[in-house]
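Everything below concerns the one structure shown next.
The values are calculated or read from the model by the stated rules, or taken from the named source; none is laboratory data. Keep in mind the model is a prediction, meaning the values are calculated, not measured. Glycine also receives a Cβ, built like all others from the backbone with ideal geometry; neighbour counts cover every protein chain displayed. The protein model used for the area step is the full one, side chains on, heavy atoms only, and it has no ligands, DNA or RNA in it. Shrake-Rupley method; radii C 1.70, N 1.55, O 1.52, S 1.80 Å.
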Amino acid sequence: MKKIFLIFLVALFVGCKTETNKIKQESENSIVRKDTTIEKETPNYFQYEEYKVGHVNDGYGKRFYIDSLHYNAVVRYYPSDSTKFWFKHYDDFVNDTTLLKEYYKNGNLKFIKKKTYHNFIPIGVWEFYKRNGELKETLDFDNKYYVSFQKAITIAKVNGIKKPFETQISGDSTCWKIIHWRNVKFDSLSNRGLDVGSGIEINRFNGHADKFQTERRRVR
């Protein structure tokens, strides 16, 4: 069972070179699609023991879910045609990323977007397509600064910042802040806790990095 869903997920979220021809609709058991973007890392979806698979088919359209403490994956079809993909959505809580691909009803890719999961910071290259499959526009968030999101994550890992990550932007927008949080205190009566964060602040213009410690109090 794990092998089946691993094949499903790898095919779901690993793209390849831009394809301008009409994309063939595949069956749910063999979702292998050539999209537009090469993902730099292929997550190991089954490195965690607990996950839940779900299927829904109702008036709101057919959906396929894989839920875990560490990630969520969703495939949704058009409500009016359960053979046509509407969108694919993947949340990676460990690496703090969200990937969204939406499709036209004719099967062609409509857009692909990537953000950080916790704070919705745009990252990577966003691509927008016309209905006929022709590339309409790209927004490159990687080239906006000397240190892209992926470079910042690499710097954080080299400096010993553990996963899962949370990514923030400094108040003056000059720095990435990559933080690993751990809970050190929790009161079940008040539903409040104290988290301690080990992080690194990386200048987006020159790559200068400094480690720091922080904490937060929050309601769960």
Positions within the stretch 174-189 being in contact (Cβ under 8 Å) with a residue 12 or more places away in the chain and open to solvent by 30 Å² or more (accessible area, probe 1.4 Å), in sequence order:
Thr174, Lys177, His180, Trp181, Arg182, Asn183, Val184, Phe186
Enumeration of residues in the stretch 99-113 that are among the basic types (Lys, Arg) and in contact (Cβ under 8 Å) with a residue 40 or more places away in the chain
Lys101
Mind telling me which of the residues Gly133, Gly54 ends up being farther than 30 Å from Asn203 by Cβ, outside any strand (DSSP E or B) and of a type outside the set (Ser, Thr, Tyr)?
Gly133
Just checking, how many residues over the stretch 102-123 are part of a strand (DSSP E or B), open to solvent by less than 20 Å² (accessible area, probe 1.4 Å) and either within 28 Å of Cys175 (Cα to Cα) or hydrophobic (A, V, I, L, M, F, W, C) (or both)?
2
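Consider Lys163 carefully, then state whether it is in a strand (DSSP E or B) and surrounded by fewer than 17 Cβ atoms within 10 Å (Cβ to Cβ). Lay out the reasoning, then the answer.
Values: in a strand (DSSP E or B): no; surrounded by fewer than 17 Cβ atoms within 10 Å (Cβ to Cβ): yes.
The answer is no for Lys163.
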Thr83 vs. criteria surrounded by fewer than 16 Cβ atoms within 10 Å (Cβ to Cβ), modelled with pLDDT of 95 or more and hydroxyl-bearing (Ser, Thr, Tyr):
no
For the condition modelled with pLDDT of 95 or more, in contact with an Asp or Glu (Cβ under 7 Å, 6 or more places away or on another chain) and surrounded by fewer than 18 Cβ atoms within 10 Å (Cβ to Cβ), what is the one hit in Leu139, Leu135?
Leu135
Lys157 meets each of (1) open to solvent by 50 Å² or more (accessible area, probe 1.4 Å); (2) touching a Pro at 6+ places or on another chain (Cβ under 9 Å) with one exception, condition (2)
Can you pull out every residue in the stretch 142-151 that is in a loop (DSSP other than H, G, I, E, B), among the polar types (S, T, N, Q) and either surrounded by 13 or more Cβ atoms within 10 Å (Cβ to Cβ) or in contact (Cβ under 8 Å) with a residue 40 or more places away in the chain (or both)?
Ser148
